[in-house]
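Working notes, beginning with the structure itself.
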């Protein structure tokens, strides 16, 4: 992955350029990831994708949890990864465990061994090992590390714990990483600036390509 | 008359023709997908063009309810409304009324029913049906007929047949756009050859641009089905298109084409796609089946469609019944399959390879040689030798 900032505003905003994976065109940032379900934007079949603006529409989000119980990591590997499954080799796939519709973090069921999500297959506890197995089989261009996302109303103690766990799982994910791809370290901390900074400082110490800011909008 | 029908090739009763309509020049035999509400579920019009779709069917009943034929007319007709540059055919509205509405009542005036919108009593007359279809603006419009299912017996069938003939005159009188729209008559008469014959003669006397064979595809046994088609195609004029309504199983289409029919429509390919079933040369493939979960072959290795070229059965399996994309991709494949079948029927007849095509088709579908008896009987009447596919031990294995 190559990222460079091309211009700054007077404030903090910046315009940049992202080069990733098999996508032959550089993607300008700020950029919007297209939400997908199982890798394809809802209702837009792959032959209709080129009708969307290019290369902006080449940046696709997906959650590995979409495939739980439907496509085993082994089958995904046998086929050759997500790009091969979908026949979209020139597209950039970004794996993010949570999405806002189907795979919602369930912080009350999360524990120190893994993060809990409400998924289309019911509530599931995802441990770093299982998460990395999915990532390794799918081979996304870019993936966020497993995080303990909590809403804004949890106690200070719970919020601190979420930072500790997220950093631990970051190390687990990096250690278990066989997939390649650009690693984006997840940053949690709720609405506590202190905790956010603490988390960010820890993440920055690790060798990551980018940062994924978790749950900025929570009920 | 707003069409030209030119036969370019034959094999016995089967014919390949060029059907020139106001919006498109079509090659027959052809299959027409059903775009009930001004759209084929799951496909955009450019995709339909890409897969070679020539004519789409619109349901007058559904369109008259929503968004109304007046609005469609105001917006320039259905072609413009749904952005479909090729040909369109609308049915009369009669069938849906009878099949969808339990309280429909058929009288000499027309079909009376309760509006599903507000429960008000409404009447669809032959005149009204033609006017609605005129506003929608399709290349081919269908006469309002008195449809009776072939599973019913008794005097009702005879009544329906004669009424259909009386109504065709009212349809013709109400048809104000004969140079832009082709009014097809529909042969009724149940499974009774005498009644069918009277109906055919009556319609042919009216010298219509084309004829449909109606009242089938409603649960009758296959043996009766093909015999009615055979009788009608033998009696209908050579130089006009013949449309068997509601026929969509690939096997049925091959048989009817062998017997001399040209056009078909059915919801089957798209509807079965929404239930997770793909059409393949061997018959059907049920993608919902657990065995598909780790099958990394395409749906049909011989198919050139976008779906088969890019996706595995495993991926489609994980989509079907859970994500709309599953229905979309399967609908795309199934319609591609039907369009290819149409092209193959047309080209094999023109190239003088029709019997070979039929045999190959049957061998793929019945590899053990267990071709159904009704197919064997129909092919005999059609003059096509399928003995190489019917015997339990085929000579091709020697």
Exercise. Would you work out if the stretch A:2-213 is rounded, prolate or oblate? Take a ≥ b ≥ c from the square roots of the eigenvalues of the alpha-carbon gyration tensor; rounded if a/c is under 1.5, else prolate when a/b is larger than b/c, oblate otherwise.
Key: oblate
Practice problem: Note down the Stokes-Einstein diffusion coefficient of the stretch B:277-322 in µm²/s, whole number, using a Kirkwood radius over alpha carbon pairs, 4 °C, and 1.567 mPa s. | Solution: 124
Quiz item: What is the distance in Å between the Cα centres of the stretch B:48-70 and the stretch B:193-261?
Solution: 23
Quiz item: By how many degrees, 0 to 90 and rounded to 10, does the Cα axis of helix B:155-174 deviate from the longest principal axis of chain B?
Solution: 70
Quiz item: Rounded, prolate or oblate: which fits the stretch B:1-128, taking a ≥ b ≥ c as square roots of the Cα gyration tensor eigenvalues, rounded meaning a/c under 1.5, else prolate when a/b beats b/c?
Solution: prolate
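Starting with the fewest neighbours, write out B:251, B:21 ranked by other beta-carbon atoms found within 10 Å of each beta-carbon.
On the way: B:251 17, B:21 24.
Listing B:251, B:21 from fewest to most nearby Cβ atoms yields B:251, B:21.
Only bridges whose two residues both fall in chain B count here: according to DSSP, what percent of them are antiparallel, nearest 5?
50
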Quiz prompt | For chain B, the fraction of alpha-carbon pairs in successive 20 Å shells from zero, as % | solution = 27, 59, 14, 0
Quiz item: Antiparallel DSSP bridges in the stretch A:2-213: what percent, to the nearest 5?
Solution: 55
Exercise. May I ask what percent, to the nearest 5, of DSSP beta bridges between residues of the protein assembly as shown are antiparallel?
Key: 50
Quiz prompt | Mean separation of Cα contacts under 8 Å (6+ apart) over length of chain A, as relative contact order % | solution = 15
Self-check item: Normalised contact order of chain B, rounded percent, pairs of Cα under 8 Å and 6 or more residues apart
Solution: 17
Quiz item: Hey, fewest Cβ within 10 Å first, where do B:317, B:289, B:333, B:179 land in order?
Solution: B:179, B:289, B:317, B:333
Quiz item: In terms of the Cα gyration tensor, with a ≥ b ≥ c the square roots of its eigenvalues, is the stretch A:1-41 rounded because a/c is under 1.5, prolate because a/b exceeds b/c, or oblate?
Solution: oblate
Practice problem: Give me the angle, in degrees from 0 to 90, between the Cα long axis of helix B:354-365 and the longest principal axis of the Cα atoms of chain B, rounded to the nearest 10. | Solution: 70
Self-check item: Cα-based helix-to-principal-axis angle, B:324-350 vs chain B, degrees rounded to 10
Solution: 90
Practice problem: Determine the distance separating the Cα centre of the stretch B:8-24 from the Cα centre of the stretch B:174-190; give it in Å without decimals. | Solution: 19
Exercise. Could you give log10 I(q)/I(0) at q = 0.09 Å⁻¹ for the protein assembly as shown, computed by the Debye formula over C-alpha point scatterers of equal weight, without solvent?
Key: -0.82
Quiz item: Per residue of the protein assembly as shown, what 222 nm ellipticity follows from adding -39500 (n - 2.57) for every DSSP H run with n ≥ 4, rounded to the nearest 500?
Solution: -11000 deg cm²/dmol
Quiz item: For B:323, B:118, B:205, what ranking results if the residue with the fewest other Cβ atoms within 10 Å of its Cβ goes first?
Solution: B:118, B:205, B:323
Quiz item: Over the stretch A:93-219, what is the relative contact order in whole percent, taking alpha-carbon pairs under 8 Å and six or more residues apart?
Solution: 23
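Since every read-out is calculated from the coordinates, none of them should be taken as a lab result. Computed from a prediction, not measured in an experiment: that's the story for all the values here. Counting neighbours? That spans all protein chains shown, and the Cβs are built from the backbone with ideal geometry, glycine included.
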